[in-house]
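The values are calculated or read from the model by the stated rules, or taken from the named source; none is laboratory data. Because the structure is a prediction, the values reported are computed rather than measured. Here the Cβ positions follow ideal geometry from the backbone for every residue, glycine too, while neighbour counts run over all protein chains shown. Accessible surface areas use protein heavy atoms only, side chains included; no ligands, DNA or RNA. Shrake-Rupley method; radii C 1.70, N 1.55, O 1.52, S 1.80 Å.
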Amino acid sequence: MNIDKNSFVTIDYLINLGEAETYPPDGKPEEISFCMGGGAMPPGLEEALLGMKVNDSKVINLSAEDAYGAFDDELLMEVPRSDFGPEVELRPGLVFETENEDGQAVYFIVEEVRDDSVLIDFNHPLAGKDLEVSFTIRQVREATPEDLEAQQVCTCSECQEGGSHQH
């Protein structure tokens, strides 16, 4: 079966950011499953997947605009340290989940911890970066109604092990 706009896809992927920097940071490909067109993956990646089948591999280059967008300074916010519980040991790089006005999960990264405030970033960690993405198709099938309903739940290994982050 070839990937089309109604497919549920599982891929192994590795993102090369240049200068020996990769995502995931350990340099090992990570598996992720998603519904095409559901917004889980950058449009440039989904476009490259169309027509591929199980065991096909590809390496693509995505500009920041085709990947996770430009870095938006307006998504950097300084919040009072008191917004976090006193038991929370804050340090740069920590990822937190909260909800937006619509009740949807959104994530932010701690950029800097100051005496009375914390600088947080709601940008995707890969925003503003050009990416080289290598991937192999592991599974392709038609998306079910259940897949479409669950597409907000990340299936990468870090999230399945209780972690939390953004792709």
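Structure remark: mean-square fluctuation, Gaussian network model of the chain, C-alpha springs under 10 Å; the largest value among 144, 98, 136 belongs to 98. Solvent-accessible area of the chain (1.4 angstrom probe, protein heavy atoms only): carbon and sulfur portion equals 46 percent. Across the stretch 1-85, Cα-Cα pairs more than 20 Å apart make up 48 percent of the total. With R₀ fixed at 35 Å, the C-beta to C-beta distance from residue 148 to residue 20 puts the FRET efficiency at about 0.35. Accessible surface ranking for 84, 135, 1.4 angstrom probe, highest first: 84, 135. Entry comment: accessible area of the stretch 16-95 is 63 Å² per residue, from protein heavy atoms only and a probe of 1.4 Å.
GNM on the chain, alpha-carbon springs under 10 angstrom: the most fluctuating residue among 74, 47, 87 is 87. Counted residue by residue at 0.36 nm each, then reduced by the alpha carbon distance between them, the extension gain from residue 54 to residue 74 reaches 3.1 nm. Take the Cβ-Cβ distance between residue 115 and residue 64 as r, set R0 to 25 Å, and report the resulting FRET efficiency rounded to the nearest 0.05. Efficiency for this residue pair is about 0.15.
Our helix-only sum for the chain, with -39,500 (n - 2.57) per DSSP H run of n ≥ 4 divided by its residues, gives a mean residue ellipticity at 222 nm of -2000 deg cm²/dmol. Summary of the geometry: the stretch 53-81 and the stretch 1-31, compared by the centres of their Cα atoms, lie 13 Å apart. Less than 5 angstrom separates the built amide H of residue 106 from those of 98, 99, 100, all sequence-distant by 5 or more or on a different chain. Between 95, 131, 79, the Cα set farthest toward the positive side of the dipole of the chain (charges on each charged residue's Cβ, about the Cα centre) is that of 131. Computed from point charges on the beta carbon alone (+1 for Lys and Arg, -1 for Asp and Glu), the dipole magnitude for the chain about its Cα centre is near 780 Debye. Computed over all pairs of different Cα atoms, the Kirkwood value for the hydrodynamic radius of the stretch 60-120 is 13.4 Å.
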